[in-house]
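What follows is a short report on a single structure.
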Amino acid sequence: MSTIPTPPPFPPNPLATQTYDQWENDTIKGYLSVQPDPTVPDSPAQIAQNRQLARRYKARMDLIVNNFAVLLQNRHDLKLADTLSEAKWKRYVLLARLFPINDLPTEILSNILRYVVWSTKDASESTLRRLQVTWVCHHWREMAIADQTLWNTIWFRDLPPYERSFNFFHRAGTAALDIRFNEDKRFLATGDAQYKLTGERMEKILDVIMTKVDQIRMLILVIDSWPPVLALFDRLRNSPRVPKWLERVEIHRTGRPYIWPGPDLPSPEFIAGTSLCAGNAPALHFLCLNGVHVNWNTSPMVNLTTLDLRRMPMSVGMTLQRFRDVLRASPKLKKLSLDGAGPFRPKDWNFSMVLPPIDLPDLTTALFGDFSMTYAIYAISNIHAPNVRDLSLVNMTGEDYGLFCKFMVGRFPNVVVLTMYTLQVEDTPQNTRYMVQWLMSMPLVQYLRVAALGQHMFYPFMMDGRYHLRDDFPLMLTPAQKAEIDAKYPREKIFPRLATLEFQHVDTDMIVNFGIGRRTVVGCPLKKIYINAVWMLHITATDRMKLFSISPVFICRSGNATPEEEKLYEIYSFGVAG
Amino acid sequence: MPTIVSVDDSTVPGEGSSRLLLLVSSDNKHIVVEEDIMSRSRFISKQVEGFEATSQRHAILLPFSSFVLNKVIEYCSHYRGYYLLEDDPDAAPPGRSPVREWDQEFLDVDRNMLLRIIKAAHYLEIKSLVGSCARAIADMIRGKTTEEMREILGVENDFTPEEEHSPSSKCTG
């Protein structure tokens with residue numbers, strides 16, 4: 001900026017209603033409001049120079065105000081007052097040229113603050129960001145506090161009496177509320193009961209929270225024991241007001257799954273389970289219950305998009321009839337997760353009693369885990385979900401799951417991301433055939449995630465599927481039989497699109513052999529290998545060199561999608577938030 | 001790019017060229033632009049509706065300079081004919097999606113320019129551009145300390161030392 005205009009002279013008769021400072025501020029604002037934007041942008045050097053000048057004027061103002069306040073009263077020392085005015089005036093002109101963000105309309109600034117607060121990787125960072133924007137200046141603080149939507153995600157992870165969380169709660173006003181409760185970190189680290197979220201503490205929190213029960217949109221509870229859960233269930237059931245906005249309920253009881261809650265709890269009622277929200281939560285579509293159960297028959301379980309059940313004793317599971325009713329009543333279900341939980345299986349159930357499957361055309365994510373082989377077939381046979389893109393099988397161990405592989409053939413033909421954690425299939429020629437047939441029925445797989453698999457589990461990925469196209473092909477082929485099949489059928493590659501492998505708890509040499517086999521035998525080399533961050537600690541420098549000979553190697557964190565996975569999510573639009 | 005003609009006088013396009021608009025910037029530059037390019041602007045659309053009601057056409061005076069206006073026109077030209085969710089008054093808010101790739105490049109300007117563009121977009125009621133600018137500014141300060149935020153955005157710390165260090169302010173905002 002070449003010149004900075006000098007301030008106008010002090011008017012002989014300032015408005016009687018104004019002090020000098022008010023007149024001065026109004027005059028400066030009036031002047032600045034009619035100044036046009038610059039016609040060419042300032043150069044970076046010019047901007048830096050203007051900033052420096054503005055800082056210098058600020059320092060001059062502070063010096064005068066801090067040291068000569070008495071002389072400034074009623075403009076006692078005119079020369080000093082004029083010097084101050086000039087510094088102030090020139091500084092404002094410079095700041096206008098620099099365009100401080102606070103000149104933006106409040107509406108825009110609020111918009112910016114929302115993006116700062118919302119675009120965070122986790123709730124913990126979100127809390128910090130919200131606090132930070134209130135620490136910048138008075139204007140930001142006032143604006144942020146007035147914006148209800150900045151405060152409506154409340155994570156009760158501060159200490160009792162939860163001053164911060166309740167402040168957020170009150171600031172959220174009438175906005176929809178996303179509430180999360182957690183055990184205190186110190187309890188998780190030390191097990192010290194004084195930090196535990198007890199039923200009594202939960203009751204105190206609920207005394208406040210339930211005053212806005214009809215505004216709650218999301219409720220997530222991650223705790224160790226039953227009492228806080230029962231306190232919450234009880235309040236929701238007896239609330240006179242309907243939680244009409246409640247869309248998502250997630251309860252994770254991280255303590256031992258099958259433990260009896262204690263002699264104080266009424267056992268028949270406990271086993272029957274509580275009716276969630278007394279059966280009345282019209283917007284509920286996301287239900288995740290981990291280590292806790294509800295009264296399945298009276299809880300609101302229609303139009304679900306996510307049903308995620310984990311770690312429940314069979315005795316408190318829903319009946320098969322109810323399970324099927326829930327699926328039928330949720331035709332838009334996108335994610336189904338049954339991990340150590342699912343419908344009750346009568347003792348006399350056998351494979352001849354399989355019922356017709358229920359169509360779930362929108363189901364894109366499925367996880368099945370911690371099941372016996374028979375139970376896995378029992379549970380999965382109830383669904384027909386050909387559009388599953390992300391399939392996970394976890395903790396299928398303790399017996400031979402070869403027949404399960406046979407059962408899975410053709411069930412999920414559109415899988416793109418396949419996870420196999422601890423799948424036990426005995427090493428027999430028949431099982432190899434089942435495995436090959438199953439893998440061959442998922443030709444779109446591009447991303448494979450494995451853990452704790454035996455070496456023989458990797459062989460089917462390298463095989464030529466045509467020798468297993470039919471069950472009547474001999475398991476051990478003679479050269480003549482082989483030639484006959486070669487002449488009749490084209491080569492069938494297993495997972496021809498597979499590009500990315502993520503692994504943990506697997507011997508590096510197995511992965512290296514897998515990589516070499518995919519490149520040389522199948523002709524479909526891996527493009528990238530991810531190692532779980534925790535497992536990386538077990539990888540030696542030699543292992544790393546071996547892996548690098550296969551493909552580029554990267555480290556990933558448990559529970560976080562890798563870029564390749566995210567890209568696939570984007571392409572196929574699958575996966576449900578959370 | 002559309003045909004943007006700078007003219008030296010304030011001649012309003014005649015009846016034959018009714019699809020052209022004359023925009024006048026604060027530095028008195030006259031810019032002729034096709035009407036449908038600027039249809040993304042609710043402000044301009046309302047002005048045009050006003051013209052139609054009175055059967056008269058006028059220049060539209062805008063309180064920002066030609067270099068800011070040209071930047072806005074460039075944005076509108078790029079998305080000419082495109083449906084952008086943010087500009088749909090009937091659509092739900094777009095949520096927390098990232099800045100579009102083209103917008104990222106388009107908004108790779110100095111901070112002052114970015115602030116002027118967002119102010120102009122707000123005036124012209126172009127929600128998608130306001131949103132992209134807001135995200136770009138948020139990106140500049142995301143992950144920064146409070147002091148860094150002040151420095152980057154030219155905000156003065158006007159808290160008294162007592163206010164700044166009060167425990168309640170630190171804990172609850």
* To do: Please express the Cα-Cα pair-distance distribution P(r) of segment A:235-385 as a list of whole percents, one per 10 Å bin, running from 0 to the bin with the greatest distance.
  => 11, 41, 36, 12, 1
* To do: Kindly express, to the nearest 10 degrees and within the range 0 to 90, the angle between helix A:429-440's C-alpha long axis and the longest C-alpha principal axis of chain A.
  => 40
* Structure fact -> Most exposed first, judged by fewest Cβ atoms within 10 angstrom, A:HIS505, A:HIS76 run A:HIS76, A:HIS505
* Asked: For segment A:279-324 and segment A:116-132, what is the separation of their C-alpha centers, rounded to whole Å?
  -> 32
* At a Förster distance of 51 Å, what's the computed FRET efficiency of B:GLU35 paired with A:ALA96, Cβ-Cβ distance as r, to 0.05? -> 0.95
* Asked: So for chain A, taking the charge dipole from beta-carbon charges (+1 Lys/Arg, -1 Asp/Glu), which of A:ASN395, A:HIS138, A:ILE179 sits furthest toward the positive end?
  -> A:HIS138
* Asked: What is the distance in Å between the Cα centres of segment A:519-573 and segment A:159-234?
  -> 39
* Pairs A:LYS493/A:LYS528; B:LYS29/B:LYS71; A:LYS90/B:LYS71; A:LYS482/A:LYS527: which are spaced more than 25 Å apart, C-alpha to C-alpha? -> A:LYS90/B:LYS71; A:LYS482/A:LYS527
* To do: Could you list which residues have their amide H under 5 Å from that of A:GLU502, counting only those 5 or more apart in sequence or on another chain, with H placed in the peptide plane?
  => A:LEU448, A:ARG449, A:VAL450, A:TYR530
* **Charge dipole (debye, nearest 20) of chain A; +1 at Cβ of Lys and Arg, -1 at Cβ of Asp and Glu** => 740
* Asked: Cα-Cα pairs above 40 Å in chain A: how many percent?
  -> 47
* **Net charge over other residues, Cβ less than 11 angstrom from the Cβ of A:TYR434 (K, R count +1; D, E count -1)** => -1
* Structure fact -> Taking a crude spin-label model, label points 7 Å out from Cα along the C-beta direction, the A:THR298 to A:ALA487 distance in nm is 7.2
* Asked: How much net charge surrounds A:GLN424 when only the other residues with a Cβ under 9 Å from the Cβ of A:GLN424 are counted, with Lys and Arg +1 and Asp and Glu -1?
  -> -3
* Counting Lys +1, Arg +1, Asp -1, Glu -1, what net charge surrounds A:ASN66 among other residues with beta carbon under 13 Å of its beta carbon? -> +1
* Structure fact -> For the pair A:THR190 and B:TRP102, the simple spin-label estimate (label points 7 Å beyond Cα toward Cβ) gives in nm 5.8
* Burial ordering of A:ARG235, A:ARG256, A:ARG518, B:ARG42, fewest other beta-carbon atoms within 10 Å first -> A:ARG256, B:ARG42, A:ARG235, A:ARG518
* How many nm is it between the label spots at A:GLU399 and A:ALA123, if each spot is 7 Å from the Cα in line with the beta carbon? -> 3.8
* Using helices alone, what [θ] at 222 nm do you get for the protein assembly as shown, with -39,500 (n - 2.57) per DSSP H run of 4 or more residues, divided over all residues and rounded to the nearest 500? -> -12000 deg cm²/dmol
* Asked: What's the angle, to the nearest 10 degrees (0 to 90), between helix A:508-517's Cα axis and the longest principal axis of chain A?
  -> 70
* Scan around A:ILE216 for amide H atoms under 5 Å from its own, H built in the peptide plane at 1.01 Å from N, and keep only partners 5 or more places away or cross-chain. => A:LEU177, A:TRP245
* Structure fact -> Fewest-first ordering of A:LYS488, A:LYS347, A:LYS528 by Cβ atoms within 10 Å yields A:LYS347, A:LYS488, A:LYS528
* To do: Please determine, in degrees from 0 to 90 and to the nearest 10, the orientation of helix A:44-67 with respect to the longest principal axis defined by the Cα atoms of chain A, where the helix direction is its Cα long axis.
  => 60
* For A:ILE555 and A:ASP77, FRET efficiency with R0 = 56 Å and r from the beta-carbon atoms, rounded to 0.05? -> 0.25
* Asked: Stretch A:GLN148-A:ALA541 to full length: gain in nm at 0.36 nm per residue minus the Cα-Cα span?
  -> 136.3 nm
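Quick note: the coordinates plus some simple rules give every number you see, no bench work behind them. Since the structure is predicted, the reported quantities are computational estimates derived from the model, not experimental observations. Methodologically, a virtual Cβ is constructed for each residue, glycine included, from the backbone with ideal geometry; neighbour enumeration extends over all protein chains shown.
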